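Presented below is the structure to which this report refers.
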Amino acid sequence: MPGPKKKLYIRTFGCQMNVADSERMAQVLADDFVLTDKAEEADIYLINTCAIRRKSEEKVRSLLGSLKGLKQRRPQLILGVGGCVAQQEGDRLLGAAPHLDLVFGAHGIYRLPQLVSRAAAGERPVDVELSRCFPEAPRRRWESPPARTFVTIMQGCNNFCSFCVVPYVRGREYSREPSDIIGEIGEFLAAGGQEVTLLGQNVNSYGRGLMEPVTFPELLRRVAALPGLRRLRFATSHPRDLSPDLIAAYGELPALCEHLHLPVQSGSNRILQAMNRGYTREEYLDKAARLRQTRPDLALSTDLIVGFPGETEADFEQTLDLMRQAGFDQAFSFKYSPRPQTQAAAFSGQVPDEIKAERLSRLQTFQDDLTLKAHRRLVGKVREALVEGGSKRSPVELCGRLRTNQVVNFQGPQDLVGRLLMVEITEAHPHSLKGRRAVGPPLS
Ligand code: SF4
């Protein structure tokens, strides 16, 4: 009889791609390890890192330092670092942290069982090799699937935006075979799953280099046709590659949620050019308008960088103006942070930190106002919500997500988690909504 499984703890930093990668780590180790949420009892502790900003990298280094004590108390513990910082730093991490046992990059995830065995035997393996195709992964198991899942459809990026480290740490762009994607989603839906988010650094360029060329809108249509799918989302989109066919898909596919995350980064054409983004503010606004003509209730969210090298007050004002014209429902905004290997790190005209901080604060206040206005427009409306879990604020409240991606808190029993139901929006707050369950049984 096999003994009880050992325990695996994963600390995840960064974006949804990293969340999906952490799920993959748990899955490839599932024969021998079961996930725990208690770091103190772990046999393996993996840190899945993000290198997109210097601050996220600093957090990882500080966490790694603080784990020295745990490793001393549990010498058998295998401590590993994966993800983008691991890819970027490789064996330098082993030199900087003598208590670290294992370093693995974006594609090393799939070789974790062998890497863990080598670490258990006393080696300190480093695997930061990037394959030249989409790595093969074992099938996910869906004994009791969550209501929503993330499915990686491509890896890497060829765009080389001048501020971004992703092409260096995740490698060139590789698409996953459509049959593999459809198979994974079909199994998730057959087991009772309802919502799928397709993930990639730039999903709009999906399909290049596949044996059977399939465009991203074609993939969406194939996924949307699968029985049982209630909601379909995707992230992240590059505005330059947002094709008329993809805009048309918003008019055709009822399962495709009325939300698009379309990172604009700046509203100044001069800065967009220096960022190597490949579109102008006019082109971005034109695409946003065409999307809203096709799907009038579409919610639009974005990413914004302030203080990119050379950004003047006039450039920054252009960004505020674009935000107003686009009417973003939500924005994730950050101070520009120079990253190793990227072109922009060497640009002249680096903006002092106090100016970046002041602009970021103004921009966030501006967006909070736009978001609150969008939330107020929802008050009194009845909307479909997928119940994701208990609310963080109150033990008697549930937390649901609207098709337009806003979060709504409302009272209800825990057995509604994972169900789709109608909620009447009663209050608008800057970061969430409050509601009450509308009369009628759950939709699923
Ligand atoms: S599109 Fe640009 S910002 Fe997005 S991952 Fe690729 S290089 Fe980075």
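Derivation of every value follows stated rules applied to the coordinates shown; laboratory data play no part. As the structure is a prediction and not an experimental result, all values here were calculated from the model. Counting neighbours? That spans all protein chains shown, and the Cβs are built from the backbone with ideal geometry, glycine included.
When only C-alpha pairs under 8 Å and at least 6 residues apart count, what is the relative contact order of the stretch 6-127, in percent?
Working: 204 pairs, mean separation 29.5, N = 122.
Here the relative contact order equals 24 percent.
When N counts the residues of the chain, how does its alpha-carbon radius of gyration compare numerically with 2.2 N^0.38 Å, as a ratio?
Working: Rg = 22.3 Å, N = 444, 2.2 N^0.38 = 22.3 Å.
It is 1.00.
Relative contact order of the chain, please, whole-number percent, based on alpha carbon pairs below 8 angstrom and at least 6 residues apart. Could the numbers behind the result be given before it?
On the way: 869 pairs, mean separation 41.1, N = 444.
The value is 9 percent.
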Search the structure for amide H atoms under 5 Å from the amide H of residue 398, placed 1.01 Å from N in the peptide plane, and list their residues when 5 or more places away or on another chain.
391, 410, 411, 412
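With a length cut of 15 Å (Cα positions projected on each helix's long axis) and a Kyte-Doolittle mean of at least -0.5, go through the chain and give me the DSSP H helices that pass. Please report the intermediate quantities before stating the final value.
Values: long enough: 16-28 (18 Å, -0.54); 54-66 (18 Å, -1.14); 178-190 (18 Å, 0.63); 281-294 (20 Å, -1.59); 313-326 (20 Å, -0.74); 353-378 (37 Å, -0.99).
Span-like helices, by this rule, are 178-190.
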Compute the convex hull volume of the Cα atoms of the stretch 216-326, divide it by the residue count, and report the result per residue in Å³ as a whole number.
89 Å³
Using 0.36 nm per residue, how much length does the chain from residue 143 to residue 364 gain when fully extended, once their Cα-Cα distance is taken away?
75.4 nm
Charge dipole of the chain built from unit charges on the beta carbon (Lys, Arg +1; Asp, Glu -1), centred at mean Cα; most positive-end Cα among 115, 280, 349 is 115
Distance from the stretch 279-357 to the stretch 176-242 (C-alpha centre basis), Å:
27 Å
If one builds a Gaussian network model of the chain from Cα atoms under 10 Å apart, the most fluctuating residue listed among 203, 126, 34 is 34
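With contacts defined as alpha carbon pairs under 8 Å and 6 or more residues apart, what's the relative contact order of the stretch 77-158 in percent?
Numbers: 95 pairs, mean separation 21.6, N = 82.
Relative contact order comes out at 26 percent.
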Given unit charges at Cβ for Lys, Arg (+) and Asp, Glu (-), the dipole magnitude of the chain about its Cα centre in debye, nearest 20, is 660 debye
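If the viscosity is 0.890 mPa s and the temperature 25 °C, what translational diffusion coefficient in µm²/s does Stokes-Einstein give for the stretch 117-233 when Rh comes from Kirkwood over Cα pairs?
On the way: Rh = 15.9 Å.
Here the translational diffusion coefficient equals 155 µm²/s.
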Overall Cα dimensions of the stretch 382-437 - principal axes, largest extent first, Å
26, 21, 16
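Only four residue types carry charge here, +1 at the Cβ of Lys and Arg and -1 at the Cβ of Asp and Glu. Report the dipole size of the stretch 6-127 about the Cα centre in Debye, rounded to the nearest 20. Mind showing how you got there, number by number?
Details: 18 positive and 15 negative charges, 86 e Å.
Here the stretch 6-127 has a charge dipole of around 420 debye.
Mind pulling up the Rg/Rh value for the stretch 1-66? Radius of gyration and Kirkwood radius, both on Cα. Can you show the working numbers first?
On the way: Rg = 13.3 Å, Rh = 12.8 Å.
On the Cα set of the stretch 1-66, Rg over Rh gives 1.04.
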Taking r as the C-beta separation of residue 392 and residue 313 and R0 as 30 Å, the FRET efficiency to the nearest 0.05 is 0.20
Which FRET efficiency, nearest 0.05, do residue 96 and residue 426 yield, Cβ-Cβ r, R0 41 Å?
0.20
Suppose we take every Cα in the stretch 6-127 and form the convex hull; what volume per residue is that in Å³?
90 Å³
Enumerate cysteines in the chain without a disulfide-compatible partner, where compatibility requires another Cys Cβ under 4.7 angstrom.
15, 50, 84, 133, 157, 257, 399
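Could you tell me which trypsin sites (Lys or Arg not before Pro) in the stretch 14-104 are loop residues by DSSP with no more than 13 other beta carbons within 10 angstrom of their beta carbon?
Filter output for the stretch 14-104: 38.
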